[in-house]
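The values are calculated or read from the model by the stated rules, or taken from the named source; none is laboratory data. Because the structure is predicted, anything quoted here is derived from the model rather than measured. Note: ideal-geometry Cβ built from the backbone for every residue, glycine included; neighbour counts use all protein chains shown. Note: accessible area is taken over every heavy atom of the protein model, side chains too, but ligands, DNA and RNA are not part of it. Shrake-Rupley method; radii C 1.70, N 1.55, O 1.52, S 1.80 Å.
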Amino acid sequence: KAQACVVTLPIGVLKKGVVEFDPPLPDWKSKAIADIGFGTINKCALLFDHKFWDDSMDKFGYVNSDPEERGLHFLIHSYQHVAGGAPVLLALSSGSAAKRKDSDTPESIKAQLMDRLRKIFAKKNIEVPDPIDCKVTNWGNDEFSYGSYSNIVVGASGEVYNRLAEPLMKRVFFAGEGTTRQYLASMHGAVFSGLRVAGTIHTLHCKSTESRLRLLERNAVL
Ligand SMILES: Cc1cc2nc3c(=O)[nH]c(=O)nc-3n(C[C@H](O)[C@H](O)[C@H](O)COP(=O)(O)OP(=O)(O)OC[C@H]3O[C@@H](n4cnc5c(N)ncnc54)[C@H](O)[C@@H]3O)c2cc1C
């Protein structure tokens, strides 16, 4: 009965098919959902009681000799400046290493990262203390995301984002990072897509010509 509905579900959730559409999505929309990629990147944040690294660097990396493990904690950000001075290191894992196994626990992931940090800092004769807190993400298994963000898989093109953004019957609209071809996989892309859909709905359903014109002017600036 609503004039408009906006779907901002993550592509991972749409791919899983856990949300039922009635009537069902048309084939071209389901195909777009199948055609786009949705990968996983994960983080492990460690809080220490003091800083032992050189925080004049924003980040440092580690290249693992085992190709299977190459994505594991490959990039480590110094978050002291963004965490209000708290001595925090935040490690990223990508590729196959970001896919958490059943045997992975926050404790085992923390232990892997600590092992890596100790290897890096042993070369500088710096002792790495035990962290006082740890947070680990698991986006691939999170029922509200089933992954991190979209990507264009081999054989697909940016055109798939246009199909994902296409509304149905001028009533069901789609927004979110996976609907923005220019700014895919980003926070600002998700925000812009929300503005795009809000503008479209306003233009379609707003009765006042004056406010429509104001909106069009604003969109032209955007
Ligand atoms: C580890 C990581 C690092 C990133 N780094 C950056 C970066 O440096 N810069 C950048 O610009 N972007 C980055 N991103 C990407 C950015 O976070 C996303 O592109 C953006 O948050 C996507 O916004 P969205 O609104 O499309 O989706 P989301 O923020 O995922 O919002 C979707 C919403 O739908 C809800 N939902 C899901 N399922 C259901 C359901 N069944 N019923 C009801 N609600 C549901 C979810 O709870 C969520 O609130 C990163 C992402 C990750 C995971």
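Key figures
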item	result
If the convex hull is drawn through the Cα atoms of region 137-178, its volume per residue in Å³	95
Accessible surface of ARG163 - all protein chains present, 1.4 Å probe, nearest 10 Å²	60
Carbon + sulfur, % of accessible area of region 1-104 - ligands and nucleic acids excluded, 1.4 Å	53
Ellipsoid semi-axes in whole angstrom, largest first, where each is sqrt(5λ) of the Cα gyration tensor of the chain	42, 21, 15
R0 of 41 Å, Cβ-Cβ distance LYS16-TYR62: FRET efficiency to nearest 0.05	0.80
Percentage relative contact order, region 39-179, counting C-alpha pairs under 8 Å, at least six apart	29
Whole-number accessible area per residue in Å² for region 50-124, which is evaluated in the context of all protein chains at 1.4 Å	58
Peptides ranked, highest mean first, by Cβ atoms within 10 Å: ranges 34-42, 17-25	34-42, 17-25
Loop sites in region 135-202: chymotrypsin sites (Phe, Trp or Tyr not before Pro), DSSP, at most 11 other Cβ within 10 Å	PHE144
Value of D in µm² per second that Stokes-Einstein yields for region 42-141, Kirkwood Rh from Cα pairs, at 20 °C (1.002 mPa s)	155
